[in-house]
Structures are given as C-alpha cells and as structure tokens.
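In what follows, a structure is listed as structure tokens, so that the remarks can point back to it.
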Amino acid sequence: MTASRTAVSLVLSAALAVSVDARAQAPSAKGGGDAGLTGPEIVARYVATQEVDSEIAYVKMTVSEPGAAPRENRFLTVYRKRADGRRDYLLRMVRPADVAGVSVLVSEDRDGAIEQYVYLPASGKARRLTGQARSTSLLGSSFSYEDLIREIPSMYGYERLADTDLRSRACYQVRAVEKPGGGSAYAYRDLVIAKDTFDLMRVDFFDKSSRKLVKTLTAYDYRSAEVKGVTRRPRNAVMQAVGKERWSDFTVVEGRVGEKLPEDLFTPRRVETWTDWEVEEFIFRFGITVATP
Amino acid sequence: MWRLPLFGFEHRFLVLAGAALLTAASWFALPGLRLDLSSDAVVAPGSPLHVVEQRIEDRFGRDEGAAVYAEDPALFTAERLAALRDIHDALSRLPFVERVEGLFGTPDLRDEDGAIVLGAPLAVIPAGPEALAARRGAILANPLLVGSSISADGQAVLLRVVFVAAGDAGATIDDGARHAAIERSLDPARQRFAHLFQLGGPATRATMLDRLKSDQRLILPATVVLLFVLLAIGLRSALLGLFPILNGALATIWGLAAMALLGVPVNLLNASLPVLVIVVGGMEDVRLTHEFRTCLRRHGFERLALFETTERVGLATLLNSVSTVIGFAATAASDLPVLRDFGTAAAIALALRVACTVFVLPAEFALSLGVLRAPAATAEHREERVSKRIAERVVGRLAPHVRLVVVALAILCGVGAAAAMLVPRDNDLLGFLGESDPFVQQVRRVESRLAGAEIINVEVDAAPGEFGRADALARLDGLTAALRALPGVDAAWSLSDVVARVHQELRAGDPGAGSLPATDRDVAQILLFADSRQIAPFVTPDRASARILVRTSIHDAVRLEELASSIGDRIDSGRFGRYVYAVGGRTLTVAGATDAITRGQVLSLGSVALILFGIVSIMFLSLRCGVVALLVNLAAVMMMFVLMGSFRVPLNIGTCMVASVTLGLVIDDTLHLLVRYNRALRVCRDESAGIKAALAEELGPMMAGAGALAGGFAMLGFSEFVPVRQFGLLSAAVIVIAVLTESVLSPVLFANTRIITLWDLLGLSLRRTLQEKSPLFVGLSRWQAKRLVLASDAARFRAGETIVRAGDPGSTMYVILEGDVEIVRRDRGEAHVVSRLGAGDVFGEVAFIAGVPRTANAVAAGDVWALVMSRESLESLRRFSPYLAAQLLLNLSTILSRRMQPADLPARPV
C-alpha cells in the first residue's frame, strides 16, 4: 500500500499521530501563520497539531442522495499508536442493527506500508483488501477506502499555492501530489489549512484519470467539547461529490483521547469475534452513550 | 384581387429591390438557425412512455451518452490495454465528461488469492502474459461486465462516456464539439486496433449532420437543375423557367430566416425544405406564367393579360396555395417535435412563397415581356391538339359509364382503407440512416459482439426497504432471469446481479454460499459494502424501486412493443411477486411515438380532407362538387396506402406526411379544372362540351405540373435518410397517380354537373328588370335572387323560334331577360296569339309545377334571352335553400292564381 490520505482521518480519529518525517520537518508553531513556510512545512505543522497516542470516537454518518431521505449510521472508531511506531485503527458499524459488525481495520507499518481488512458478518471472515486504487466507496458514503488512510508526508510532494480566505479565516493552500509509483486514485489534492491554528479547513480531490475536481471535504467545529482531549480535530466533516446532490456528513457524537486500549483489538481475528454486545460494553466503558439513530 | 399582382407589375423595381433587401436581411439571420437531430425530436413529450422514461432517469440516472468501441483479436496485450487506458484517461479529461465507465473506470471488487481487490478491473494493467491472462479470465467470469463492457471472447470492449449533467460546467458544449473531441481522443490509438470508433448520441447526431450536409450538396443542386430543365422545356423559355426557381430560392431564404427568428430548428425533415419550396411553390408560378403568356399572345395588352390571368386562375391559385399551406400546417399539429417543426417551417416558407408569386412574379413578367410575347411554337399547338383529342376520348368513352366509375372509385377507396390497416409502423432514429449506412454497420457490429444497443428499463415499485430484503431480492433475481430468457433479449441485469457478485466474491472458496445472501441482515451488509456507484443504477436509496436493465438488438417499433408486452406478461404472471411496475426507456418512448405518428396521420389527413371539402363545396356552392373532388383526390391517397401495404413501406415520420401534403398539392388540379369548367360552361351550352374544353385546356398544365412535382419529389429519393427517401418517392408516386385519376375521373364525374362558383355569385350583375318587374323575384333579397339566377341556365332564342310546343312534356320554366315572347294557341287549325310577354314575365310555369303537357306554343317574337329553370334546380333549392324555395313557390302560386282571374284570361298558362 503506497497511498496515504488525510481526509477521513480528521473525523475518524484514527491517523492522528505525526509521522517521523513530518516531525522532522515541522517548524515551531508560533501562531498567526508564517509567510515563509513551504508546502511541506505547512503540512507538517498541520499533522503535528493532531498528534495523539490513542483515540476513541462514536461517529454519526449521514449520507444524503437525491430523491431519498438522508440515511443515518453510527459507528465506532478506535485509533492506537504502538510503541514501535505502527499505527492501527478500526472502524466498526454499530447502528442500524442489521449492519452492526461491519468493520474496516487499517494497520500501518513503520515504513508506511498499509494493510486493510474488511469484515462483514455476512461473509463470515475478515478479508484483506488489496488493489492500488481503492476508490471504492466506503460503506455507502462519498468517502473511499483510500480516504481512510492518514496523511503521510513522505509519500507526497507538497507545493504551496496562493493563500486564500475561507470562512473569514486566512488560509494556506497546499497541493499534495503523489510521488511517482504511487497508486492513488487521485491526481492531487488541494489542502486548505488555517494560518493561525493549522486546522485543515478543506480538501479538494482531483481524479487521477480526468484530473478534474471530484469531491470536496469541508471540516467544521474544531475543539469541540464533545471531543475530550488535547487534539485539535474537527467535530464535523462533510464530503460533497462534485456535480451531484450527494454528500456524506461525519459528525463525532462523543470522543475520548489518550485512553488505554486492549492490546488484541486490532487483529483480523478479533474483528471477527468481537460481538455486538462486547462492542457496546466497550463504548459504555468510556462513558460514551450509544444512542439509537 | 388583381390589384396585388398589378402592384408588383407596375412597381417592378421597387418590388425587386424590396425582395433583395429582405433577402439580405434574412441572410444575416441565418446564423441564428439551430439544429435539432436529437432523439427528443422523435418522441412525444408528455406521453405516458415519456413520463415513465423521465421518472426512471430521475431515479436511476440517464442512459444516454457516448461510447467507444475497440476490437482486436489480440486485445489483451499490455500494449493495447495501455492504449485503451490512455483513451480512457483522455476521455475522462474532456470538460463535458463526468466519468468513463468500463474496465478502467467502473468500480468493482473481486476475490484474488484470498484477498478482496478493490477498484476497476483494469485500474492497474497486470505485467506479464500470465498475469494478463489471469486478469482476462477474471473479467470474463464477471457477469456484470460480459456483454456490457467486454465481449464474451475478450476481443472487444466498450467504454461508456457519461456526460456532465445539464447546468454543470462543460454541459453547454454542442454535439459537434463533443463528437470531435472524442474523435481526437481516439486518434493516437487508431492503428492499434482492428476496429476503434465511437457510438452514442453525439456520434449518431454527427453522422446525421454529415448525411444532411451530403443531402444538401447533392439533392438541392440536382433538384434545381432538374426543375429548371423541366420548366424551361415546359415553358419553352430558359428565362421563364428560371423565375420559379429564383422565387423559390427567395422564399427559402426568407423561410429559413423566419425559422431562426421563431426558434424553429432544422431537423432531418425540414432540411429538405429548400427542395420542397422550390418544387411545390414553383407550380403556381408555372400556371400563372402559362396563363399570362396565353392572354398576352392573344391581344398583346399586358395589363389586360394580368387582369385576365387573375380572373381566370387567381382564385384557384390562391385557394390552392391556401390548401397547400394547410396541408403542411396540419403536420404541425403532431405531437412529435420533428413533425411539428417541419409543419411549421414548411407552412411559413410556403406562405412566403405565395407572397413571391403575388408580388415578385408580376415584377418578373414586367421585365420579360419580350419573351412572353414571343409567338407560340409549333410544338405548343401540337400539344393543344393532343390534349383536345385525349379530352374527347376520356369524356366521350367514360362519361356514359359514370355509375361504373363511381363503383370503381368506391372499391378503390375501400381497398386503400383496408391496405392502410396493414401498413407497418416504424420510428427508429438509427434506422432512419438505413442498414447499409457505415455508421449503422458499426452499431450492428457492436451489437453482434456485445449486448444490443437498445435499452429497455423495467421499474418495479414496492414499499420502502423492500429490495433490501432477501426474499424480494430472490424474486427480483428470478424475474431478471425470466426476462433474460425472453426471445430478443440479449442481456438483463438488476440489483440481484450486483448483490450476488459481491456476495460470491466475499465468500470465495465457500462452496456452501448461494449466489444471493440468505438473510435480510446479510443483504443490508452487502448493500452497505458494495460501491454505491454499482448500486445506484439498480435501486433507489430507499430500496423501494428497483430497475431491471434489459438490452436488446431489436429496433423495429412493433417488435419492441411486443417485447415490452412480453415483459409485462412475465411480471403479471405473479411468479415473481406482485409489484407495481413500468416498462420504459428512450428506446420504447421512441418506438411508442409511432402511435403519435398514426394519430397525426389520421388527424392531418382528416383535417386536410375536411378543409378541402369545405373549400370546394363553398367555392362551387355544391356539396356534390366537394364530395366528388375529395373522392377523386382521396383515390390517389388510397392508392398510396395500397403501395405502402404492398411494398411494406412503414408509416414513419416521413411517410406519415405524404397523404396530407400530396392531398394539399393535387387538389390544385381539381380547382383549376373546375374553374375552367365553370368558365367553359358560360360558352358551351352542354356540360359534356364544357368539361371537354376544360380538360383540353387543363391537361397540359396538369401533366407539366405533375411531372415537375413528381420529379422534384423523386429527387428526395437520393436522400441519405430513409424517411426522407420514402417521403419523396411516395409523394412522387401519389402525384403521378393523382394526376392520372384527376384527368380521368374528374371529367367523368363532373360531366353531368353544372357548376357555378361563389365568384360568379359575387360578381353577377343582376338586371334591374328581374328584381323590379318579374313576379317570380318578388320578396327575394339580392343574394337570393342571384342564387336563383345561378341555379338556372341562360338560353338565347332566335326570332321565330318555338321555345315550347303545345302537347310536349315539360319540366322547365322560363323568365324572359330580354325580348318578347308570344303565346300562341291553335283553334280549329288557326294560330292565335293569346298573349305577348316581355322582360321579367314568366311562362311554362304550369308544366313546371304540375308536370302536365304544354298547353300552348311560346314563340320568340324577336331575339330572346331567357332564364331556364329546371325542376331539378327547384328541388336542389328546396333542399339547400329552403327559405328561397318557399318564397319562390309562393311567388309561383301568386302567378298561377293571377292567371286564373278573368282579367288575365288572355294570358293563359302554357
């Protein structure tokens, strides 16, 4: 796996830690922005703002399509950075009941190699996902499996574009272009990052074949009280497909940061055997309420 | 009426300058013309099928777009696949393209060595022959791809190009630009494949545009040359032959400008408008030129010749122009935009053509008086003799057998009506190009390798969530399989195929797994996991409606409707659940437009026939005239149906116009013949002689006009479009048939009919003596008096001539217009003048009323001119003008009662 992403990690509370490369390049944050920052430096600062060792979030996913009432799902995401530098995150559907148990597991080695597994109770076992262009939509949303993977600065070249304003905030614009040999479905992404806080405000995704804008992710509501901890993540992110009345809204219902997690949680076997009851108990243990959508 | 052409004649330079100015202004409006070659033009908006089609589109997305077909025996090589991917990428980058579906772009998942591979089947081209062969095998094992994206032998692939939605950036690019851009994307790889071409909407329309241009390049000049030659020969003057063509060109430019201003688009039918305007409109110019020249040659006075021309053929020309415009305008009442636009454009252009005839032609006369005055050639005299001989024979031989002719006519109409029922119907946009067209051949090639190009959508509706349930999905699967098994169906896919595919790949290696998930929960998970772009074309987000996509190679409208009916039967069988359903899609909407075509045919033919019947009946003040004129011309139309039924010429957007258009055209001959007959009757005393004279005069122009018309229409037979070809050839055939029936049937049927025209009625100057002095005209209005006069015959008697003879049977009554008549009785062998009658007096009334023999002789005392009223005329008045007849009978009673009084004894009835 050579692709790396930033978008969903904003809300899925998974890939939040700063990579070694990013840390190495990150200048000190002084706030208010710096006109002399390069593209890689801006991204490194953004990644650094989200560093955390573990995180749990209970997320509401709303998918809206033309001609139908919005569909609502709820899922649990769990992230962990291991002592050896590997990172794992798990997404597990909780509601509605008929799709409860559908899970996606992502593990990132220290060298950036990614392993993804998907588990459907209907199939009986967790199956490894392969394929360079993981553009398949993620659980019926406008996100793709590729969007699950966090931003790994070593995989991209970053080019600073003209600064811009977004929602009355001065922002940097950085174009992330995959380095040769990558298998991303995107030709490039344009990241809009707030100058004062290095919050990721918006990402525009450009298709690899057509080089056209295909969707836009917009992040809102940073430093929400619902997300307890020291990170600066948005509570809400909306992915809007271009030219279609189709969007997906991920909203963190509640989150916890820095909690201690079971060691065996991030294995395909555990994903298969983790019962719905155990999941709800796990969530409850962190004081998060599982509301019925 | 003659003031308008007189204006053109006297102000020739002003009129020609005005025409030139208008033409120049029109020229600048021409760039505003827009083209409409879309399939929207051949569907009836708002029809039930169109509503279904739009609803399915709204729910599941549009099918229309473009496609790129590539075929090669060695397709699955790295080099060719890379070339295909380059094409895919180039197409994807086009500004009007939203996405490109197929092996490089359609999301898919497959089991590979225990792992699930996400992404399009050829998102990454495998390296090495073995890996390529393995990938090829995996692709050919995918039922969602075989038939839609790749042929079963893996040698042909189809890339479907989906355009951005209307309103989005790039959507405004026109078809031509789209077609050209796609062609450019293919250019670098053309040598790498045995076949590489594009299909779909832009390619179809670009091909049609190309064929339209080809038509214009060939047919228009050829028609102009042919018509010029025919007219020059017919009129025996190149200059005079040029006028109708020049006027046609003017009207065409004006008409096209009017189309641009009114937003009427050019389509595959009204692209033949220049030909129609030049051919159809030119015929009136020919008649007027012929008439004007004849009058001018006779006396040499140009204004008088113009006046006479207007008097003689002006009304018929005007009425014929009106009927022709109505013939085309009736087409504008169609539900189909292509016919509506054609009818509108043709009606406007032909109306403008009439303006040319009224104003420009007299101006042209004024500038070519030298040519017009040239004496008649010998050939013209020979033609006149031949015409007279034919008229003599036709009327002489057939007129006595009028009943037989009527029966034959009735049989012909009956056979034609029966044949009309057998005429097949057709409305296939691609079929308009004909099977031999290279583009159609390409489409047929694709259909032979992949599934048929025609798409039928089956929408099945149920409660929300229904198609997220395992049992409903199983039923849908059964229904899809049943539809797949129908004759004529190449392939069918539904949600069950997508779910089965995902389910099977997820459970690869598990032989116990069925093709479809067994529980609702499993279905929900698979629907959640499957890519939404794979699901969306087959089920609505609320899972309440599912779509089964059926592909067929059937293009024939009737067979498509039969297939749709079979699909309905399968659903109605109840074996797959009870659902509300609809069968639709662009293919069926276009096929279903044949109903609109049939309706339009009936409506336009009916309305034109009614209008023509009305025109003739009113113009000649006779329902009988109207019926006969209509029957004679309908006979030609009925023959058209016989031809269509015999040669299996379908009723389509072209042929559906033939009946109303040709009826509007051929009635011209009837009107001219009747007008001439009416005029001849003023000279000839018997109808037989009158109709012979009229036919002899009219036969030449009729044949010449029909020849030019048929020739002009036949030129459309060279069109690249099947409906236009059929329209042209069929119209030519109907015109030839019509002129033959007209020249044979009309003289026979009218030979026993004395006709008067409304024109006569309006123009008649009544003698004051009649209204003031004649007891027969007491109490009659001026209009009624004219009607009574025109229902009678006028007769002249020489001095001493016995008008009625005592003892003879008699059914006529006389009103003296001029001169005196003596009533003479014989008493013991001696003749006694018992009365002398003058202008306004009536005689013969007793025999007229009572049907008894004449009681006395009536002898002309000098030259006498008298009205002769027959009992049949009275009968006719009684039936159609009851108030007039009642007053007439009252007057007759008064006359008779006065005769009975002693004071009047000398004036005994005769």
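In table form, for the structure just shown:
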read-out: Out of B:ALA305, B:ALA316, sole residue that is aliphatic (A, V, I, L, M), crowded, with 22+ Cβ neighbours inside 10 Å and without any contact (Cβ under 8 Å) to a residue 40 or more places away in the chain; value: B:ALA305
read-out: Residue count for the stretch A:244-258, restricted to those that are more than 14 Å from chain B (Cβ to nearest Cβ) and either within 24 Å of A:ALA126 (Cβ to Cβ) or of a type in the set (Phe, Trp, Tyr) (or both); value: 1
read-out: Residue check, B:THR357 β-branched (Val, Ile, Thr), part of a helix (DSSP H, G or I) and touching a Ser or Thr at 6+ places or on another chain (Cβ under 9 Å); value: yes
read-out: Enumeration of residues in the stretch B:100-139 that are more than 11 Å from chain A (Cβ to nearest Cβ) and under 22 Å from A:ASP147 (Cα atoms); value: B:GLU101
read-out: In the stretch B:812-838, the residues that are within 19 Å of B:LEU788 (Cα to Cα) and either modelled with pLDDT of 85 or more or of a type in the set (Val, Ile, Thr) (or both); value: B:THR812, B:MET813, B:TYR814, B:VAL815, B:ILE816
read-out: Lone unmet requirement of (1) under 30 Å from A:ASP196 (Cα atoms); (2) modelled with pLDDT of 90 or more; (3) not in a helix (DSSP H, G or I) for A:GLU55; value: (2)
read-out: Any chance B:ARG599 is within 25 Å of the chain's Cα centre (by Cα), over 20 Å from B:ILE735 (Cβ atoms) and either basic (Lys, Arg) or not in a helix (DSSP H, G or I) (or both); value: yes
read-out: Residue in the stretch B:532-541 that is under 15 Å from B:ARG62 (Cα atoms), outside any helix (DSSP H, G or I), within 14 Å of chain A (Cβ to nearest Cβ) and of a type in the set (A, V, I, L, M) present; value: yes
read-out: Selection status of A:SER154, within 9 Å of chain B (Cβ to nearest Cβ) and in contact (Cβ under 8 Å) with a residue 12 or more places away in the chain; value: no
read-out: Criterion (away from chain A (no Cβ under 14 Å), over 33 Å from the mean Cα position of the chain (by Cα) and under 30 Å from A:PRO66 (Cβ atoms)) met by exactly one of B:GLN191, B:GLN198; value: B:GLN198
read-out: Residue in the stretch B:858-884 that is modelled with the highest pLDDT, counting only those that are more than 16 Å from B:LEU776 (Cβ to Cβ) and of a type in the set (Val, Ile, Thr); value: B:VAL859
read-out: Complete set of residues in the stretch B:466-478 that are over 27 Å from B:LEU158 (Cβ atoms) and part of a helix (DSSP H, G or I); value: B:GLU466, B:PHE467, B:GLY468, B:ALA470, B:ASP471, B:ALA472, B:LEU473, B:ALA474, B:ARG475, B:GLY478
read-out: Single residue of the stretch A:210-226 satisfying the filter (among the aliphatic types (A, V, I, L, M) and in contact with a Lys or Arg (Cβ under 8 Å, 6 or more places away or on another chain)) that is surrounded by the fewest Cβ atoms within 10 Å (Cβ to Cβ); value: A:ALA219
read-out: From the options B:THR480, B:THR519, residue that is touching a residue at least 24 places away in the same chain (Cβ under 8 Å), in contact with a helix residue (DSSP H, G or I) (Cβ under 9 Å, 6 or more places away or on another chain) and within 14 Å of chain A (Cβ to nearest Cβ); value: B:THR519
read-out: Out of A:ALA225, A:ALA241, sole residue that is in contact (Cβ under 8 Å) with a residue 24 or more places away in the chain and within 20 Å of the chain's Cα centre (by Cα); value: A:ALA241
read-out: Test: B:ALA491 is at pLDDT 85 or above and either out of contact with any Cys (no Cβ under 9 Å at 6 or more places or on another chain) or over 29 Å from B:ILE456 (Cα atoms) (or both); value: yes
read-out: Criterion (surrounded by fewer than 22 Cβ atoms within 10 Å (Cβ to Cβ), more than 44 Å from the chain's Cα centre (by Cα) and away from chain A (no Cβ under 14 Å)) met by exactly one of B:GLY568, B:GLY488, B:GLY577; value: B:GLY577
read-out: Scan of the stretch B:230-265 for residues that are of a type in the set (Val, Ile, Thr) and either in contact with a Lys or Arg (Cβ under 7 Å, 6 or more places away or on another chain) or modelled with pLDDT of 90 or more (or both), ordered by number; value: B:ILE245, B:THR252, B:ILE253, B:VAL264
read-out: Total residues in the stretch B:63-99, condition out of contact with any Lys or Arg (no Cβ under 9 Å at 6 or more places or on another chain) and either within 22 Å of B:LEU430 (Cα to Cα) or within 14 Å of chain A (Cβ to nearest Cβ) (or both); value: 6
read-out: Qualifying residue in the stretch A:39-58 (condition: under 22 Å from the mean Cα position of the chain (by Cα), farther than 26 Å from A:PRO153 by Cβ and within 14 Å of another protein chain (Cβ to nearest Cβ)); value: no
read-out: Within the stretch B:767-847, strands (runs of 3 or more DSSP E) holding 3 or more residues that are surrounded by fewer than 18 Cβ atoms within 10 Å (Cβ to Cβ) and not polar (S, T, N, Q); value: B:793-797, B:821-827, B:830-837
read-out: Search result, residues across the stretch B:675-709 that are without any contact (Cβ under 8 Å) to a residue 60 or more places away in the chain and surrounded by fewer than 22 Cβ atoms within 10 Å (Cβ to Cβ); value: B:ALA680, B:ARG682, B:VAL683, B:CYS684, B:ASP686, B:ALA689, B:MET703
read-out: Verdict on A:LEU129 being at the interface with chain B (Cβ under 9 Å from one of its Cβ atoms) and either surrounded by fewer than 22 Cβ atoms within 10 Å (Cβ to Cβ) or not β-branched (Val, Ile, Thr) (or both); value: yes
read-out: Pair list, Cβ < 9 Å and 6+ apart or interchain, from the stretch B:156-183 residues that are under 24 Å from B:LEU196 (Cβ atoms) to residues that are among the polar types (S, T, N, Q) and modelled with pLDDT under 85; value: B:ASP175/B:SER38
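Let's see how each residue does on (1) free of Cβ contacts under 8 Å to residues at least 12 places away in the same chain; (2) surrounded by 14 or more Cβ atoms within 10 Å (Cβ to Cβ); (3) not in a helix (DSSP H, G or I):
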position: B:LEU398; (1), (2), (3): no, yes, no
position: B:ALA408; (1), (2), (3): yes, no, no
position: B:LEU412; (1), (2), (3): no, yes, no
position: B:ALA419; (1), (2), (3): no, yes, no
position: B:SER436; (1), (2), (3): yes, no, yes
position: B:GLN442; (1), (2), (3): no, yes, no
position: B:ILE455; (1), (2), (3): no, yes, yes
position: B:PRO464; (1), (2), (3): no, yes, yes
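The values are calculated or read from the model by the stated rules, or taken from the named source; none is laboratory data. Please read all numbers here as calculations on a predicted model, not as lab measurements. Cβ sites come from the backbone with ideal geometry, for glycine too, and all protein chains shown count toward neighbours.
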